[in-house]
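K.L.:
Structure below; questions to follow.
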Amino acid sequence: MSPSHASVGTAAPRGHKTRHLADELRQAIAELRWPAGKLPTEQQLARDQGVSVNTVRRAVDLLVQEGLVYRRQGSGTYVSASPAVGTGYAVGVVVPSLTYYYPRVIAGIERELSGHGCRMLLRCTEWETGLEHRAVEELTRSGADGLIVVPTLGEDGPGSWFGRAEESAVPLVLVERGTELAATSVEFVCSHHAAGARAAVEHLLRLGHTRIGYAERISPHTAPQVRSGLAVGLERAGLDPAPVVATSLRRWTGQDADRFLDHLLRQRATAALCFADREASLLVGAARRRGLRVPEDLSVVGYDNEVADLCEVPLTAVAPAKADIGRRAAELVRARIAHPDAPRRQEALVPELVVRDSTGPVPRLHR
């Protein structure tokens with residue numbers, strides 16, 4: 001019987017399901033469906049795909065033979081970092097989060113790498129240093145040509161991580177880290193957060209504000225730089241480098257914003273810089289509940305520009321060049337792989353200030 005006359009109920013040729021599932025898994029890997037780099041168990045894949053465990057095992061065997069994944073005894077199956085045939089370098093990318101801030105960095109990395117025939121192997125560590133160290137080790141062991149890493153800076157500070165980075169077996173570029181140790185030889189691309197904060201302060205000063213408060217979410221990397229830029233901006237204007245009110249918390253609530261607003265009003269502050277957008281949004285909400293107008297009675301500046309335009313009063317905000325940071329990091333790691341002995345580079349990109357509705361001239365009563 002010719003294939004065109006085969007009955008509807010004829011079983012698929014032997015191996016068809018295996019090949020079809022292998023194609024599905026290749027596509028899922030290309031789409032970074034498992035950003036942690038570990039495939040679901042064979043039992044889970046069988047349930048999800050509606051096939052037998054044996055079919056899953058045979059499909060995974062094909063991917064192992066191709067070098068796309070590898071099995072670790074007693075642990076599971078992992079995406080390999082070795083490049084596919086006909087592509088450029090394979091670059092491992094390790095980030096602490098796939099939400100807020102980092103998606104744009106990742107997009108910049110991916111566009112730069114894919115535009116040069118390179119492959120990105122993404123790992124997310126959810127801010128856990130143990131997962132971070134294992135991700136770096138696995139990517140290195142499985143053949144990554146280079147690494148781009150956003151380290152989680154734990155209680156021991158950056159020192160121990162930078163020591164490991166300097167001894168990396170493959171070219172490594174840090175993202176949004178590097179300025180903590182002035183003498184490090186590690187290549188990095190980061191935001192010049194102090195310059196961004198200074199730009200925000202100078203914007204408020206041009207509007208006539210001289211009594212400026214500061215609200216901060218504690219961050220071991222970014223917050224000290226923002227404070228530094230704030231102090232420089234005030235000092236250069238001939239003012240006390242310390243803001244009239246400064247509050248630093250691990251996580252802000254609406255009640256915290258209310259208390260901060262009380263401090264601002266007692267000190268006759270007319271503006272506030274908030275790190276980050278969420279804290280600025282909470283302050284705007286507190287002001288509106290108190291019957292104050294933003295910016296007529298109080299000007300507010302956010303930081304990060306992630307959700308600034310979604311605030312009930314669209315926020316003026318400092319906007320780090322996230323996609324450009326990712327792109328430059330990818331350029332650096334590609335250049336280092338191709339030219340191992342070239343001079344090392346460390347780059348800081350100055351954020352942009354995006355002016356919206358939340359800042360205006362100082363109120364007349366305070367002039």
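We did not get these values from a lab; they are worked out from the coordinates using the rules stated. Keep in mind the model is a prediction, meaning the values are calculated, not measured. Here the Cβ is made from the backbone with ideal geometry for all residues, glycine too, and neighbour counts use every protein chain on show.
K.L.:
I need the peptides 224-230, 342-348 ranked by packing, meaning the mean over residues of other C-beta atoms within 10 angstrom, with the highest value on top.
P.N.:
Packing proxy ranking, top to bottom: 224-230, 342-348.
K.L.:
In whole Å and largest first, what semi-axes does the C-alpha gyration tensor of segment 328-367 yield when each eigenvalue is scaled by 5 and square-rooted?
P.N.:
Equivalent ellipsoid of segment 328-367: 46, 11, 4 Å, largest first.
K.L.:
Can you give the FRET efficiency to the nearest 0.05 for Arg290 and Glu126, using r as the Cβ-Cβ distance and R₀ = 30 Å? Each step should come with its number before you reach the end.
P.N.:
Values: r = 37 Å, r/R0 = 1.24.
Plugging the Cβ-Cβ distance into 1/(1 + (r/R0)^6) gives 0.20.
K.L.:
To the nearest 500 deg cm²/dmol, what mean residue ellipticity at 222 nm is calculated for the chain from DSSP H runs of n ≥ 4 alone, each contributing -39,500 (n - 2.57), summed and divided by the residues?
P.N.:
The per-residue figure over the chain is -12500 deg cm²/dmol.
K.L.:
Oh, and also: At a 10 Å Cβ-Cβ cut-off, how would you order Ile337, Ile148, Ile29, fewest neighbours first?
P.N.:
Ordered by Cβ neighbours within 10 Å, fewest first: Ile337, Ile29, Ile148.
K.L.:
Continuing with this model, one more query. Using Cβ counts within 10 Å as a stand-in for footprinting exposure, how do Arg288, Arg198, Arg211 rank, fewest first?
P.N.:
Listing Arg288, Arg198, Arg211 from fewest to most nearby Cβ atoms yields Arg288, Arg211, Arg198.
K.L.:
Here's another thing I want to ask about it. Taking only Cα atoms, what is the 0 to 90° angle, nearest 10, from helix 16-30's long axis to the longest principal axis of the chain?
P.N.:
In the chain, helix 16-30 runs at an angle near 20 degrees to the longest axis.
K.L.:
Which whole number in µm²/s is D for segment 10-79 by Stokes-Einstein, with the Kirkwood Rh taken over Cα pairs at 4 °C and 1.567 mPa s?
P.N.:
Values: Rh = 12.3 Å.
Translational diffusion coefficient: 105 µm²/s.
K.L.:
How much length is gained if the chain between Asp258 and Ala242 is pulled fully straight, taking 0.36 nm per residue apart and subtracting their Cα-Cα distance, in nm to one decimal? If you can, show how the numbers build up before the last one.
P.N.:
Details: separation 16, 0.36 × 16 = 5.76 nm, distance 2.13 nm.
Contour length minus the Cα-Cα distance gives 3.6 nm.
K.L.:
Mind listing the long-range amide H neighbours of Ile148? Cut-off is under 5 Å, sequence gap 5 or more, other chains count too, H placed in the peptide plane at 1.01 Å from N.
P.N.:
Gly92, Val93, Val94, Val173
K.L.:
Determine the relative contact order of the chain: mean sequence separation of Cα pairs under 8 Å and six or more apart, normalised by residue count, in whole percent.
P.N.:
Numbers: 679 pairs, mean separation 57.4, N = 367.
Result for the chain is 16 percent.
K.L.:
Still on this structure, I have one more. Counting residues in segment 257-303 as N, plug N into 2.2 N^0.38 Å and put the Cα Rg over that result.
P.N.:
Details: Rg = 9.3 Å, N = 47, 2.2 N^0.38 = 9.5 Å.
Taking the Cα Rg and dividing by 2.2 N^0.38 Å, one obtains 0.98.
K.L.:
Go ahead and run the numbers for FRET between Tyr100 and His16, Cβ-Cβ distance against an R0 of 30 Å, rounding to 0.05.
P.N.:
Between Tyr100 and His16 the formula returns 0.10.
K.L.:
Taking 7 Å along the Cα-to-C-beta vector as the label spot, tell me the Gln267-Lys38 distance in nanometres, rounded to one decimal.
P.N.:
So the two model labels end up 4.6 nm from each other.
K.L.:
Tell me, Kirkwood radius of segment 179-227 from alpha-carbon pair distances, in Å?
P.N.:
Across segment 179-227, the inverse of the average 1/r is 12.7 Å.
K.L.:
In addition: Would you mind listing how long segment 156-301 runs along its three principal axes, going by Cα atoms, in whole Å with the largest first?
P.N.:
On the principal axes, segment 156-301 reaches 59, 33, 19 Å in Cα extent.
K.L.:
Please work out the Cα convex hull volume for segment 187-263 and give it in Å³ per residue.
P.N.:
Enclosed volume per residue, from the Cα hull, is 100 Å³.
K.L.:
For segment 28-77 and segment 233-254, what is the centre-to-centre distance using only Cα atoms, to the nearest Å?
P.N.:
51 Å
K.L.:
In terms of modelled amide H atoms, which long-range or inter-chain residues lie less than 5 Å from the amide H of Leu349?
P.N.:
For Leu349, the qualifying residues are Cys190, Ser191, His192.
K.L.:
I need to check one value: relative contact order of segment 10-79, counting alpha carbon pairs closer than 8 Å and at least 6 residues apart, in percent.
P.N.:
RCO, segment 10-79: 35 percent.
K.L.:
Next question. State the dimensionless ratio Rg/Rh of the chain (Rg: radius of gyration of Cα atoms; Rh: Kirkwood radius).
P.N.:
The Rg/Rh ratio comes out at 1.11.
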